[in-house]
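A quick write-up on the structure given underneath.
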Amino acid sequence: MNSGFETLDYIIFAMYVVTIVGVGLYVSRNKKGHERSGEDYFLAGRNLTWWAIGASLIAANISAEHFIGMSGSGYAIGLGIAAYEWMAAITLIIVAKFFLPIFLNKGIYTTNQFLAGRFNQGVSSAFAIMWLLVYVFVNLTSVTYLGALAMDKILGIPVWYGIIGLAVVAGLYSIYGGLTAVAWTDVFQVIFLVGGGLVTTFLALDAVSPGSVFDGFSLIYGRATEHFDMVIQQGTTFIPDGKGGMKDAFIDLPGLAVVFGAMWLTNLGYWGFNQYIIQKGLAAKSMKEAKRGLIFAAFLKILIPLIVVIPGITAFVFFEMETETPGYLANLLGSSMEEIGTITKSDEAYPWLLKNFVPAGIRGLAFAALVAAIVSSLASMINSTSTIFTIDIYRPLINKNASEKQLVFIGRIVALVALVISSLVAKPLLGGFDQVFQYIQEYTGLIYPGVAVVFSMGLFWKRATTRAAIAAALLTFPFGIGAKLMFPEIPFLLRMGYVFIALVAVASLITFLDKTGQVPDDRTTDVDEFDVITHKSEKKHLSPLTEKVKSMMVRSSYLFGAIGLGSFVFVFSTLKSLGDIGVEAFIFFGTAMSMIGLVLYTNAKSKIADKGAIRYTPDLFKTGLEFNVGAVLVTLIVAILYYAFW
């Protein structure tokens with residue numbers, strides 16, 4: 001396929017590569033007289049501002065899986081895939097208000113360190129190994145493969161060469177500079193990413209209609225109305241299955257499950273407990289900056305479907321018009337169909353648009369946006385992989401007395417090894433998928449139920465025990481794989497919900513039966529196992545919860561319990577009439593609401609707690625006017641979007 005690139009495009013793209021690598025190496029240079037510490041390398045010296053945090057979150061998140069994978073899902077399914085983005089915006093508010101304050105208060109480097117302090121090193125190590133496997137064999141592989149696929153379709157560069165090139169560019173500055181290099185280059189990357197992405201969208205919409213960009217949007221909405229349904233009904237939309245056949249799109253996006261179902265597990269697990277994401281918040285210079293950064297990222301998330309999903313739908317409409325009027329594309333572009341090319345796999349939609357509808361010069365900028373998304377995500381994943389191994393495995397299990405210099409050295413070696421392994425397995429592992437984005441969601445979905453159960457119980461339930469956490473951690477993979485093998489016909493988002501319910505039941509039962517480690521809940525001090533892990537020595541007296549707070553917790557528990565019961569009644573009374581839109585998702589929703597009620601009630605009434613229970617005051621979760629206004633605006637915008645495209 002002819003790339004359509006001209007000399008100016010290559011110059012612009014080369015300038016991008018030089019700029020990013022140069023900035024990364026410059027900001028990560030050693031300051032005279034200062035030896036780089038583990039905190040410098042893994043957490044950027046805990047000195048990130050809100051705009052750097054927000055930009056780095058989005059740059060780490062938006063990658064080839066979005067530009068290529070999600071655009072491919074937009075081509076095949078439609079706007080429904082945007083649920084991952086818009087529900088993520090709401091999730092970021094929850095993480096900023098409830099999760100991140102506890103993590104920052106404890107001074108941890110990794111989320112697995114939290115598990116070591118709350119439960120024990122065994123739970124932490126189990127999750128560390130689980131995350132490392134996911135990062136190397138799912139995240140890093142998918143990002144490098146999809147990026148290389150784009151380079152193949154746009155520039156004609158063989159996939160293997162593309163994989164090597166992307167790995168080298170990302171590794172050049174991230175392995176040397178650590179999170180400092182990653183975060184500050186991300187600020188530049190997100191400008192390329194959003195700016196270049198919007199240019200591609202606007203040019204495609206402008207080309208599809210003789211009028212304005214808005215006319216183009218009206219045209220694609222009118223010609224592909226079914227592609228703008230946010231809630232997909234079973235048996236109405238069929239897409240390629242990657243094996244030469246077709247499958248029901250309901251399997252990937254099962255109706256109401258994207259709003260009330262296990263997509264919450266995916267989002268909470270990803271944005272709340274996934275190291276390469278939450279690490280940006282942990283590196284904040286203050287609690288206020290961290291919360292601001294997450295709200296900024298939430299606003300950017302709302303914008304992402306315009307950049308990645310709408311182009312996919314536009315490509316679908318182009319080929320619909322070509323089918324109706326043979327020769328339409330040749331006349332529009334003034335080229336033969338052999339030069340224009342076609343889309344044989346859904347994930348080829350974005351590269352096809354970029355090649356055919358973005359003019360010289362701007363094409364180099366748009367391609368830089370795509371590569372910026374890929375390289376920034378690779379850099380974040382590489383850094384977090386090294387952070388997890390070094391902080392959660394090497395220091396506590398292999399060399400407890402490791403110096404700061406040794407930690408940085410091991411971090412760099414691990415980053416390099418992870419990058420090499422993922423590059424070698426990328427093409428063999430992912431070459432046969434039609435929509436790699438769905439591969440990512442399904443296989444990371446194997447761990448998110450366990451992640452959500454263990455972390456949520458550890459954060460908020462004072463009765464949760466180490467044995468309960470170990471059981472949930474050990475059963476996560478067997479339950480997930482077993483459900484996939486036994487019920488392959490059930491959409492994975494619904495299966496995730498059922499696995500979550502099973503893990504909640506097991507963990508709750510063990511918690512109530514396990515009497516080991518129970519201590520009186522006197523709340524005399526917040527000093528706990530985290531002091532050993534993070535070397536914190538400050539002691540603060542914590543007053544017992546007032547009767548007013550306890551009473552409020554009990555009343556809230558009744559409300560959540562009632563919502564849970566109402567959800568179960570709704571499911572079983574409407575299963576026959578609403579089963580084709582995934583009403584079973586309310587089984588998960590009801591379980592989650594009931595569990596929140598149980599936690600609130602026992603936290604208020606029980607006079608005992610697990611010895612590792614987190615102790616904090618409600619003041620930790622207070623937010624200012626600025627945060628509250630931002631949260632309301634994000635929620636309102638998402639609600640309006642769902643109302644418009646339901």
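The values are calculated or read from the model by the stated rules, or taken from the named source; none is laboratory data. This is a predicted model, so every value here is computed, not measured. With ideal geometry, Cβ positions are generated from the backbone for all residues, glycine too; neighbour counts draw on all protein chains shown. When the accessible area is computed, the model is the full protein with side chains, heavy atoms only, and any ligands, DNA or RNA have been set aside. Shrake-Rupley method; radii C 1.70, N 1.55, O 1.52, S 1.80 Å.
Which of the chymotrypsin sites (Phe, Trp or Tyr not before Pro) found in the range 176-218 are loop residues per DSSP with 11 or fewer other Cβ atoms within 10 Å of their Cβ? Intermediate values should be presented prior to the final figure.
Working: sites: Y176, W184, F188, F192, F202, F214, F217; in loops: none.
Counting only loop positions with at most 11 other Cβ atoms within 10 Å, none of the chymotrypsin sites (Phe, Trp or Tyr not before Pro) in the range 176-218 qualifies.
Using the Cα centre of the chain as the reference point, and only Cβ charges (+1 on K/R, -1 on D/E), how large is the resulting charge dipole? Debye, rounded to the nearest 20.
Working: 45 positive and 43 negative charges, 573 e Å.
Charge dipole, the chain, about its Cα centre: 2760 debye, nearest 20.
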Return the calculated 222 nm mean residue ellipticity for the chain, to the nearest 500 deg cm²/dmol, obtained by summing -39500 (n - 2.57) across DSSP H runs with n ≥ 4 and dividing by the residue count. -22500 deg cm²/dmol
For a quick check of understanding: with a 1.4 angstrom probe and all protein chains in place, what accessible area in square angstrom does R463 have, to the nearest ten? 30
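Among residues other than F627 whose Cβ falls under 10 Å from its Cβ, what is the net charge (Lys/Arg +1, Asp/Glu -1)? Mind dumping the intermediate values first?
Working: positive: K97, K288, K291, R292, K622; negative: E626.
The answer is +4.
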Pairing the Cα long axis of helix 7-27 with the longest principal axis of the chain, what angle in degrees results, from 0 to 90 and rounded to the nearest 10? 20
Hey, rough spin-label estimate for F477 and Q234, points 7 angstrom out along Cα→Cβ, what's it come to in nanometres? 3.2
DSSP loop chymotrypsin sites (Phe, Trp or Tyr not before Pro) in the range 55-114 with at most 11 other Cβ atoms within 10 Å of their Cβ, which ones? none
Listed residues G361, G22, A468: farthest to the positive end of the dipole of the chain (Cβ charges): A468
Scoring only Lys, Arg, Asp and Glu (+1, +1, -1, -1) among other residues with Cβ under 15 Å from the Cβ of V375 yields -2
Normalised radius of gyration for the range 535-646, please: alpha carbon Rg relative to 2.2 N^0.38 Å, two decimal places. 1.45
So if I take the centroid of the Cα atoms in the range 358-412 and the same for the range 46-69, what is the distance between those two points in Å? 13
For the Cα atoms of the chain, what angle does the longest principal axis make with the long axis of helix 83-94, in degrees from 0 to 90, nearest 10? 30
Cross-link table K301/K548; K97/K355; K280/K400; K405/K462; K106/K301; K280/K462, entries beyond 32 Å C-alpha to C-alpha: K301/K548; K97/K355; K405/K462
Modelling each spin label as a point 7 Å along the Cα-to-Cβ direction, I'd like the Y558/F202 distance in nm, to one decimal. 5.6
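How much length would be gained if the chain were fully extended between S209 and I413, taking 0.36 nm per residue of separation minus their Cα-Cα distance, in nm to one decimal? List each step's numbers first, then the result.
Details: separation 204, 0.36 × 204 = 73.44 nm, distance 5.21 nm.
The S209-I413 span can extend by a further 68.2 nm.
Can you give me the relative contact order of the chain as a percent, contacts being Cα pairs under 8 Å and 6 or more apart?
Details: 1133 pairs, mean separation 169.0, N = 646.
Reported as a whole number, the value is 26 percent.
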Just to confirm the number: angle between the C-alpha axis of helix 625-645 and the first principal axis of the chain, 0 to 90 degrees, nearest 10? 50
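With a Förster radius of 56 Å, plug the Cβ-Cβ distance of T516 and I164 into 1/(1 + (r/R0)^6) and report the FRET value to the nearest 0.05. Can you show the working numbers first?
Numbers: r = 52 Å, r/R0 = 0.92.
The computed FRET efficiency comes out at 0.60.
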Give me the accessible area of V17, 1.4 Å probe, in Å² rounded to the nearest 10. 40
Where only protein heavy atoms count, and the probe is 1.4 Å, what is the accessible area per residue for the chain in Å²? 38
Please list the three semi-axes, largest first and in whole Å, of the ellipsoid equivalent to the chain, using sqrt of 5 times the eigenvalues of its alpha carbon gyration tensor. 40, 30, 21
Quick one: net charge of S508's neighbours, Cβ under 13 Å, K/R +1, D/E -1? +1
For D347, tell me the accessible area in Å² from a 1.4 Å probe, rounded to the nearest 10. 0
